[in-house]
Amino acid sequence: MELRTLRYFIAVVETGSLSAASQVVRVSQPSLSRQLAALEKELGTGLFDRTARGLTPNSAGRHFLSIAADLVQRADLAMRVM
């Protein structure tokens, strides 16, 4: 698992859309979709409920969001203090 993937996951949760998130993180939508699928496979669980209106985090996704956000925040802090 990479910080980049965690940032992608957070962007999708925040925007609720793969297309909007792909613009935020400046990655193509198919690439972002593949990264999320790989993350879900690595974790062994789905993280989103997919609807016609977009993606919303399911209970596992909401739990993982708090962990991912903490990890990204700590990594950003580490980069700033070094």
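Since every read-out is calculated from the coordinates, none of them should be taken as a lab result. Because the structure is predicted, anything quoted here is derived from the model rather than measured. So basically every Cβ, Gly included, is an ideal-geometry build from the backbone, and we count neighbours across all protein chains shown.
Residue-by-condition table, conditions (1) surrounded by 14 or more Cβ atoms within 10 Å (Cβ to Cβ); (2) in contact (Cβ under 8 Å) with a residue 12 or more places away in the chain; (3) of a type in the set (Phe, Trp, Tyr); (4) part of a helix (DSSP H, G or I):
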{"residue": "Ala20", "(1), (2), (3), (4)": "yes, no, no, yes"}
{"residue": "Leu36", "(1), (2), (3), (4)": "yes, yes, no, yes"}
{"residue": "Ala68", "(1), (2), (3), (4)": "yes, yes, no, yes"}
{"residue": "Ala78", "(1), (2), (3), (4)": "no, no, no, yes"}
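Taking the condition touching a Lys or Arg at 6+ places or on another chain (Cβ under 7 Å) and in a helix (DSSP H, G or I), does Val13 pass? No: the conditions fail for Val13.
I'm trying to understand the selection: among the residues of the stretch 38-66, which are of a type in the set (Gly, Ala, Ser) and surrounded by fewer than 11 Cβ atoms within 10 Å (Cβ to Cβ)?
Gly44, Ala52, Ser59, Ser66
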